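Participant: Would you mind keeping the following structure in view while I ask a few things?
Where a number appears in this text, it was derived from the coordinates with a stated rule and is not lab data. Since the structure is predicted, the reported quantities are computational estimates derived from the model, not experimental observations. All Cβ positions, even for glycine, are placed from backbone atoms using ideal geometry, and neighbour counts span all protein chains on display.
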Amino acid sequence: MELNICHLYPDLLNVYGDIGNILILKHRAELRGVKVNIYNLSLNDKFDKDLYDITFFGGGQDYEQSIVSSDIFKTKRDDIKDYIESGKVFLAICGGYQLLGKYYIAADGEKLDGLNILNISTEAGDNRFIGNTVIYNEEYNETYVGFENHGGRTYINDLKPLGKVIHGYGNNGTDGYEGCIYKNTYGTYFHGSLLSKNPELADRLLYTALSKKYDNFSLSKLDDTLEIKAKEIMIERLKNN
Ligand code: GLN
């Protein structure tokens, strides 16, 4: 079995260990005997919607986001839209998450066009939301931990959130939601890195991607004792903050 992972703009959008998400997907797939190929795409590159099984889009500063915003719309937008609408797996963090929406109004007032694939929009506020976070996803009965650092406030309208905020700010500091889910696309503000701290989510992405490609596919169980323990400790510490 083979898994093709696309990393969008790793040279421009890759902060707070976002690349760790790629490393975790690769590691957990390889432990199940799956060969992993990684495709790094940047300015002017075309997006091959049929080739990739998982696509990752990380976060960055407003300056880099502005460069990416003008390139991605021209060179990749329609293929990324087809890919997402067809139900393929996409994970977007922070700056990448913002750019999947209608627009992002940056801290200096510049309006960056988003890909207008997700029905979300973002505007920078007066201060940044920084710190450790905990959210709860009711549908999966799972708790995710992470680290956020963003000026943007995102509103997800009719989309499902990735989770309800237990600790931290989430999408905008007011409505109690963090991230969003649309088909098999996940948007979130969790950096550093989301999938190393939340192996159940990593496996959901792997399972969804591989089962689209291979019949009767199942993921063997891995020993996540350390990850589970680390998560419990983080949740416990944040409770007392
Ligand atoms: N520049 C965006 C913001 O501040 C995204 C930040 C990030 O990706 N960490 O909201």
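Participant: Rule-of-thumb check for region 161-241: C-alpha Rg over 2.2 N^0.38 Å? Walk me through the numbers before you get to the answer.
Facilitator: Numbers: Rg = 14.9 Å, N = 81, 2.2 N^0.38 = 11.7 Å.
Dividing the Cα Rg of region 161-241 by 2.2 N^0.38 Å gives 1.28.
Participant: Dividing the convex hull volume of the Cα atoms of the chain by its residue count, what figure in Å³ per residue is obtained?
Facilitator: Working: hull volume 27.1 nm³, N = 241.
Per residue, the Cα convex hull of the chain comes to 112 Å³.
Participant: Using a Förster distance of 22 Å, how high is the FRET efficiency between residue 78 and residue 119, based on the Cβ-Cβ distance and rounded to 0.05?
Facilitator: Numbers: r = 18 Å, r/R0 = 0.80.
Once rounded, the FRET efficiency stands at 0.80.
Participant: Additional query: Measuring from label point to label point, each 7 Å out along Cα→Cβ, what is the residue 143 to residue 228 span in nm?
Facilitator: Here the modelled spin labels are 1.4 nm apart.
Participant: Ok, one more. Neighbour counts of other C-beta atoms within 10 Å: give me 129, 190 arranged from fewest to most. List each step's numbers first, then the result.
Facilitator: Numbers: 129 19, 190 31.
Starting with the residue having the fewest Cβ neighbours, the order is 129, 190.
Participant: I've got another one for you. In µm²/s, what is D for region 1-132 at 4 °C and 1.567 mPa s, where D = kT/(6 pi eta Rh) by Stokes-Einstein and Rh is the Kirkwood radius from Cα pairs? Kindly include the intermediate steps, with their values, before the conclusion.
Facilitator: Details: Rh = 15.2 Å.
Diffusion coefficient, whole number: 85 µm²/s.
Participant: Could you state the per residue volume, in Å³, of the convex hull enclosing the Cα atoms of region 105-192? Can you show the working numbers first?
Facilitator: Values: hull volume 8.7 nm³, N = 88.
Each residue corresponds to 99 Å³ of Cα convex hull volume.
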